Each structure stands twice: as C-alpha cells, then as structure tokens.
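Below is one structure, written out as structure tokens; comments come after it.
A short reminder: the numbers here are calculations on the coordinates, not readings from a lab. What you are looking at is a predicted structure, and each value in this text was computed from that prediction instead of being measured. Cβ atoms come from the backbone with ideal geometry, glycine included; neighbour counts cover every protein chain shown.
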Amino acid sequence: MKKRILSGMRPTGRLHLGHLVGALENWVRLQDQYQCYFMVADWHALMSEYEKPQGISEYIIDNVVDWIACGVDPQKARIFVQSQVKEHLELYMFFSMIIPLGLLERCPTYKEQMREITNRDLSTYGFLGYPVLQAADILLYKAEVVPVGEDQLPHLELTRQISRKFNNLYHQEVFPDPKALLTNTQRLLGLDGRKMSKSYNNFIALSEEPQEIRKKVQNMFTDPARVKLTDPGHPDKCNVHSYYGVFAAERKPQINTLCRQAKIGCTECKKDLASRIVSFLAPIQEKRRELLRNKNDILQILAQGRSEVLRVAQETIAQVKDIVGIKEHGI
Ligand code: TRP
Ligand code: SF4
C-alpha cells in the first residue's frame with residue numbers, strides 16, 4: 001500500500017512561479033510514489049477573504065487548470081474541492097472540542113498574521129480556528145505525509161497534537177502522526193527580493209502574458225552596487241542571477257562570468273531571462289488554454305475526485321461518531 005499524501009492550496013488568486021517551483025513540481029514528482037490527495041481549500045480562503053468572497057469560485061477552476069497544466073495528473077492524483085466534502089466541517093467541529101484555546105492563540109502563524117495583515121479584520125473566531133480545519137483536512141483522510149512550505153510547520157505541529165490528544169482521550173489509534181515533507185519555497189524570491197507573495201504583488205503568474213512577463217522581469221531588482229554598465233557585478237547578490245538557476249541553469253555560469261567582468265548589462269541580462277521564462281511557460285499556457293476550452297472536463301475531474309475521497313471521509317467520520325457516541329440518525 002502506498003502511503004497517503006494530502007496537500008492543499010487556497011484559491012485566493014492566480015498561481016505564480018513560486019507555486020510551481022515551491023509546490024506543484026513537488027506534487028508532480030510525488031504522484032507515482034504516493035496516493036495523492038490534492039485539495040482546493042476554499043473554506044480556508046473564505047477565512048481571510050470573507051469580506052470579498054467573489055473571486056474564490058473563479059479561482060477554484062483557474063487554479064485547478066494550472067495544477068493540471070503543470071503536470072498534476074487526475075488519473076494518478078485525486079483532485080477535489082474542500083467544500084464539496086462536508087465531512088471536513090464535521091471533523092473540524094470534533095477537533096474544536098479538544099484543541100486548547102491557548103495553543104491556537106500562541107500559534108506563530110496566527111500571531112504573525114494578526115500583526116501583519118492590517119487591511120482586513122481577522123480577529124474572528126473562524127480565523128483563529130484556521131489550523132483546526134487544516135488538521136481536519138489532513139486527518140479526515142488519515143494522511144501520513146503532508147508536503148508544505150516551512151511557513152506551515154506550526155499547523156502541522158498542531159495537527160499532530162490534535163491527533164495524539166484524540167487517540168489518548170479515547171484509547172484508540174484512530175489517527176496517524178502526519179509528517180511534513182518540506183518543499184523548498186526559498187528557491188525563488190519575489191521580483192523585489194522579498195518572499196514571493198500575492199499580497200506583495202511581486203510575482204509572475206503562470207498565466208501571465210509574455211509582454212507582461214518581459215515588463216516585470218525588466219523591473220526586477222538587481223545587484224545594487226552595479227550602477228553603470230562598466231561596474232563589475234556581484235551575481236551572487238542578484239535575484240536575476242538566481243532566477244537563471246531555476247529557468248536556465250545551463251546559462252547561469254556564463255551569466256555569472258559576464259556579469260563579474262562587466263561584459264553584460266542588466267537590461268540585456270534581464271531580456272534574456274525574460275525570454276527563457278516565456279518559453280518555459282509556453283507549453284504550460286498552451287495546455288491551460290486547451291483545458292479552459294473544455295471547462296466541463298474540469299468539473300468532471302472534480303466530481304470524480306470528490307466521489308473517490310468521499311468514501312474515505314465517510315469512513316473516518318463514522319468511526320469518530322461511533323467513538324464519541326453521536327449517532328448518524330439521531331438517538
Ligand atoms: N494552509 C495551507 C496554505 O495556506 C493550505 C491548506 C489547507 C493545506 N488545508 C491544508 C495544506 C492541508 C496542507 C494540508 O498553504
Ligand atoms: Fe544581475 Fe544580470 Fe545585472 Fe549581473 S548582469 S547584476 S546577474 S541582472
């Protein structure tokens with residue numbers, strides 16, 4: 001039996017290069033080794049976007065199309081939408097009973113977001129419970145492995161605490177002890193050198209038009225010490241140079257030398273990089289256009305994914321209800 005993996009993304013915007021390099025390439029690699037469950041976390045999106053929820057349903061299809069265009073294979077992995085499996089909410093409710101409030105209030109991601117996100121009101125009951133729903137996502141399918149970025153580690157730790165507490169309280173090994181499989185999100189920083197993120201608007205979307213890609217790359221930050229063309233550059237301090245490592249590794253050593261010897265200017269260097277990103281994305285964008293022509297196929301894939309994961313979800317919920325003494329059909 002292959003081990004089961006669950007991972008998810010929130011449909012809050014178009015996916016970008018960071019999602020591809022940080023998560024999707026990893027998902028694609030894992031498809032053969034594991035039984036993969038890939039979920040669109042729309043309830044999690046709503047927890048922060050509840051004031052303006054309009055985009056969420058549009059991004060569900062948009063993101064799934066990108067997943068498949070990047071190589072996630074619906075024949076191998078199960079792709080589904082969180083809100084279409086109501087059992088997530090039932091398990092979330094059970095877990096809400098046993099998770100100590102202090103653990104949620106002290107969760108570093110919670111504290112950080114409360115501090116840093118100022119353009120919306122996140123002092124809600126729902127947002128505090130964000131990691132509890134995530135624990136339910138994972139444990140509903142008894143997933144043993146969870147591919148996530150480093151920022152999600154506190155949520156995984158809470159998941160393990162909930163799992164252990166449930167098992168201890170009821171003296172049964174119902175839930176596993178899921179392990180994080182770290183994805184290296186640091187490989188690609190944002191265009192301005194900060195973390196690539198929707199809220200910083202420093203990304204290139206997977207569906208970005210070539211013209212827009214060229215413009216964005218031309219505006220990337222470079223080695224600040226390099227003011228004139230004749231100044232020798234420090235490629236190791238330049239974000240453009242690290243992008244070469246991801247999108248044109250074979251050209252990187254050459255760029256490194258030319259830059260240090262001041263034989264290439266930043267404008268030219270970026271123009272070259274932009275072309276390579278454009279051709280890197282071309283087949284993905286072509287696949288994307290093709291998938292969008294048959295939206296019904298996407299809906300079909302999601303329906304199929306739902307029906308497959310639903311069986312597992314219902315089994316877990318039946319088991320949990322039996323243990324805590326809640327009957328399926330009243331008393
Ligand atoms: N919180 C995750 C993120 O923001 C998304 C997510 C929701 C998730 N449920 C999950 C990731 C379950 C892994 C497993 O990236
Ligand atoms: Fe960066 Fe290229 Fe300019 Fe060197 S030439 S500083 S690698 S953009």
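Please work out whether the stretch 210-331 counts as rounded, prolate or oblate from its C-alpha gyration tensor, where a ≥ b ≥ c are the square roots of the eigenvalues and a/c under 1.5 means rounded, while otherwise a/b larger than b/c means prolate and anything else oblate? Mind showing how you got there, number by number?
Working: a/c = 4.68, a/b = 2.57, b/c = 1.82.
Since a/c reaches 1.5 and a/b is larger than b/c, the shape of the stretch 210-331 is classed as prolate.
In debye, nearest 20: dipole of the stretch 210-289 around its Cα centre with unit charges on the Cβ of K, R (+) and D, E (-)?
Values: 16 positive and 8 negative charges, 44 e Å.
Computed charge dipole of the stretch 210-289: roughly 200 debye.
Toward the positive end of the charge dipole of the chain, about the Cα centre and with charges on Cβ (Lys, Arg +1; Asp, Glu -1), which of I162, A69, L188 goes farthest?
The one lying farthest along the dipole's positive direction is L188.
Is the C-alpha gyration tensor of the chain telling us rounded, prolate or oblate? Criteria: a/c under 1.5 is rounded; beyond that, a/b larger than b/c is prolate, otherwise oblate. Kindly include the intermediate steps, with their values, before the conclusion.
Values: a/c = 2.30, a/b = 1.86, b/c = 1.24.
Prolate.
State the answer as a single residue: which of Q300, Q319, P253 lies farthest towards the positive end of the charge dipole of the stretch 197-331, with beta carbon charges of +1 for Lys and Arg and -1 for Asp and Glu, about the Cα centre.
P253
For the stretch 102-113, in order, what is each residue's ³J(HN,Hα) by Karplus, 6.51 cos²θ - 1.76 cosθ + 1.60 with θ = phi - 60°, in whole Hz (x at glycine and Pro)?
x, 5, 6, 5, 8, 4, x, 5, 5, 4, 5, 5
What 222 nm value per residue comes from the helices of the chain, counting each DSSP H run with n ≥ 4 as -39,500 (n - 2.57) and dividing by all residues, nearest 500 deg cm²/dmol? Provide the component values of the computation, followed by the final result.
Numbers: 14 runs with 173 residues, N = 331.
Calculated mean residue ellipticity at 222 nm is -16500 deg cm²/dmol.
Among T316, T230, T159, which one shows the highest mean-square fluctuation when the chain is modelled as a Gaussian network with alpha-carbon springs under 10 Å?
T230
Take every Cα pair under 8 Å in the chain that's 6+ residues apart, average their separations, divide by the length, and report that relative contact order as a whole percent. Can you show the working numbers first?
On the way: 462 pairs, mean separation 70.7, N = 331.
Worked out over the chain, it gives 21 percent.
With springs connecting C-alpha atoms under 10 Å apart, model the chain as a Gaussian network and identify which of L101, L182, L302 has the largest mean-square fluctuation.
L101
Quick one: Karplus J couplings for the stretch 283-294, per residue in order, coefficients 6.51, -1.76, 1.60, θ = phi - 60°, nearest Hz, x for Gly and Pro?
Rounded to whole hertz, the list is x, 5, 5, 5, 4, 4, 4, 5, 5, 6, 5, 10.
With viscosity set to 1.002 mPa s at 20 °C, what whole-number translational diffusion coefficient in µm²/s follows for the stretch 225-277 from Stokes-Einstein and a Kirkwood radius over Cα pairs? Intermediate values should be presented prior to the final figure.
Working: Rh = 10.8 Å.
Translational D for this selection: 199 µm²/s.
If the elastic network links every pair of Cα atoms under 10 Å, which of L181, L89, L229 fluctuates the most in the Gaussian network model of the chain?
Looking only at L181, L89, L229, the largest GNM fluctuation is found for L229.
List the lysines whose Cα lies under 26 Å from the Cα of K271, skipping any in the same chain that are fewer than 8 positions away.
Here the lysines satisfying the reach criterion relative to K271 are K195, K198, K215, K216, K228, K237, K252, K263, K287.
Only Cα pairs under 8 Å and at least 6 apart count here; give the relative contact order of the stretch 210-289 as a rounded whole percent. Show your work: numbers first, answer last.
Values: 79 pairs, mean separation 27.5, N = 80.
Computed value for the stretch 210-289: 34 percent relative contact order.
Using Cβ contacts closer than 10 Å as the measure, can you line up H171, H234 from fewest to most?
On the way: H171 8, H234 16.
Arranged by neighbour count, lowest to highest, H171, H234 become H171, H234.
Step through the table entries K142/K179; K165/K321; K86/K111; K86/K179, compare each Cα-Cα distance with 22 Å, and write down the pairs that go over it. Kindly include the intermediate steps, with their values, before the conclusion.
Details: K142/K179 11 Å; K165/K321 16 Å; K86/K111 29 Å; K86/K179 25 Å.
Result: K86/K111; K86/K179 exceed 22 Å.
State, as an integer percentage, the relative contact order of the stretch 29-184 based on alpha-carbon contacts under 8 Å between residues 6 or more apart. Write down the numbers at each step before the final one.
Working: 160 pairs, mean separation 34.8, N = 156.
Averaging sequence separation for qualifying contacts and normalising by length gives 22 percent for the stretch 29-184.
Check T183: other-chain or 5+ apart residues with amide H under 5 Å from its amide H, H built from backbone geometry?
V148, G149, E150
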